Amino acid sequence: MEKLRIGLIGCGGRAGQHMQSFLQMGDKVSVVAVADPVEERRNGAAAKFGCTRIYRDYTELYDHESKATLDAVVICVEPTAHQSSETRAIDMGIPFLVEKPMTLDLAQADEIARRVEETGLITSVGFQDRYLDLIEIIRDELPKHKAGGLVYGAWIGGIPGVWWWQKKSDCGGQLVEQNIHLVDCLRYLYGEPLSVYATCSRGIVRPGIDASAEYDTDDHSTAVIRFPNNVTATLVSGCYSQGVRPRCGLYIALNDMVLDYRLRNNLIITTKDGERDIPRGVEQTFLLDQAFVDAVRTGDRSLIRSPYSDALKTLKLAFAANASMESGQVIYF
Ligand SMILES: NC(=O)c1ccc[n+]([C@@H]2O[C@H](COP(=O)([O-])OP(=O)(O)OC[C@H]3O[C@@H](n4cnc5c(N)ncnc54)[C@H](O)[C@@H]3O)[C@@H](O)[C@H]2O)c1
């Protein structure tokens, strides 16, 4: 079979990880077109693959490419830059992998999901943790125990380096931009939520001193999410840490077992008989990319664990938490 021809849209930090996967899969994939407004980035990405179709943005890429020249696109632009990055792929019938959060505009996301459904296009969203062996172990373990219990989740760190992270209107807030990975893990493990209540706080990070002058996102937030079968998860997010690394991950207290998932690193399982510490054994972004590539090559969409329509449910849950932070009200689904 010919190599899958990929167009890479956005050549920043996250794209670097996807490029690494595609280089590793060099026998079956090639990046043949790249687009980024930053010259150094687009040229750097093109050089990795010997690619000569280099564009200033995705509009230019879509204007010059077609279904005859591209088999798929991978979209890694900032959350507010999705104006037509997906709709043009849909118009052209080109499958796409898009990074989370897929947009900050839910009406736009609904329209994209509707058109994906209508056209039957293969899509994938970058919820890498769904491909993680440790999450698979938790998912297999849960049904073997009495249902119900408490889950504590945390993603606490510093402020990521990308320019668009400092304003909530650009990134959506930490829960939407970053901790959405754990929001998605919760949905993957427990199904659809019943309700969410969330609070947020500012004042620790000083704009212009600890962050850029325009910093206005939450320093931390706490979301209480209720799921069916008596599961309640408390998910905290924080970006005010400096020089220390608070523990991140999910801590699941079952009636006869504790699953202590240390974010993308290891899983400690404790029962009355003792403790088992399991290290991560896979590179989950590689598996995410491989699943997308294989799905497009074979048409087997069951390989994809987070298609656009499902990822939209996670995005809506994170946005509902944001709405609760603003209104002080519980949001019921
Ligand atoms: N799945 C994950 O684990 C993961 C990890 C990191 C980031 N992300 C997500 O990936 C996305 C990108 O994040 P990043 O860290 O790479 O950001 P980044 O700022 O490093 O890269 C974004 C790139 O998109 C380019 N861009 C902007 N508008 C464009 C356009 N019209 N056409 C083509 N390129 C355009 C920018 O110039 C920039 O180089 C974000 O949504 C982020 O949340 C996901």
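A few remarks follow.
- Counting only strands (runs of 3 or more DSSP E) that sit wholly inside the range 208-272, those with at least 1 residues that are on the phi < 0 side of the Ramachandran plot and among the small types (Gly, Ala, Ser) are 220-227, 231-238, 249-253.
- Considering residues of the range 305-329 that are hydroxyl-bearing (Ser, Thr, Tyr) and touching a helix residue (DSSP H, G or I) at 6+ places or on another chain (Cβ under 8 Å) only, the residue surrounded by the fewest Cβ atoms within 10 Å (Cβ to Cβ): SER309
- Set PRO160, PRO143: member being at negative phi and within 16 Å of the ligand (Cβ to nearest atom): PRO160
- Some residue of the range 101-117 being of a type in the set (A, V, I, L, M, F, W, C), buried (at least 23 other Cβ atoms within 10 Å of the Cβ) and under 21 Å from ARG301 (Cα atoms): yes
- Of residues in the range 161-189 being in a loop (DSSP other than H, G, I, E, B) and small (Gly, Ala, Ser), the one farthest from the chain's Cα centre (by Cα): GLY161
- Listed conditions (1) of a type in the set (Ser, Thr, Tyr); (2) farther than 20 Å from LEU189 by Cα; (3) under 21 Å from the mean Cα position of the chain (by Cα) are all met by TYR308, apart from (2).
- Unique residue being out of contact with any helix residue (DSSP H, G or I) (no Cβ under 7 Å at 6 or more places or on another chain), within 13 Å of the ligand (Cβ to nearest atom) and under 25 Å from GLU2 (Cβ atoms) when the list is ALA68, ALA89: ALA89
- Failed condition for ALA46, given (1) closer than 25 Å to GLY161 by Cα; (2) within 8 Å of the ligand (Cβ to nearest atom); (3) of a type in the set (A, V, I, L, M, F, W, C): (2)
- In the range 99-120, the residues that are among the β-branched types (Val, Ile, Thr) and either under 15 Å from SER306 (Cβ atoms) or assigned to a helix (DSSP H, G or I) (or both): ILE112, VAL116, THR119
- You will find that of LEU259, LEU254, LEU267, LEU263, the residue that is closer than 30 Å to GLY203 by Cβ and among the aliphatic types (A, V, I, L, M) is LEU263 and no other.
- The single condition among (1) more than 8 Å from the ligand (Cβ to nearest atom); (2) of a type in the set (Asp, Glu); (3) over 19 Å from the mean Cα position of the chain (by Cα) that ASP36 does not satisfy is (1).
- Checked against (1) assigned by TED's automatic domain parsing to the domain that holds CYS11; (2) under 22 Å from the mean Cα position of the chain (by Cα); (3) of a type in the set (Ser, Thr, Tyr), TYR152 passes all but condition (1).
- Identity of the residue in the range 190-210, closer than 23 Å to LYS100 by Cβ and without any contact (Cβ under 8 Å) to a residue 60 or more places away in the chain, that ends up surrounded by the most Cβ atoms within 10 Å (Cβ to Cβ): TYR190
- Residue satisfying all of: in the range 65-85; in contact with a strand residue (DSSP E or B) (Cβ under 6 Å, 6 or more places away or on another chain) and part of a loop (DSSP other than H, G, I, E, B); farthest from ASP310 (Cα to Cα) among these: GLU65
The values are calculated or read from the model by the stated rules, or taken from the named source; none is laboratory data. On a predicted model such as this, the values are computed, not experimentally measured, just so you know. A quick note on method: Cβ atoms are made from the backbone with ideal geometry, for glycine too, and the neighbour counts reach across all protein chains shown.
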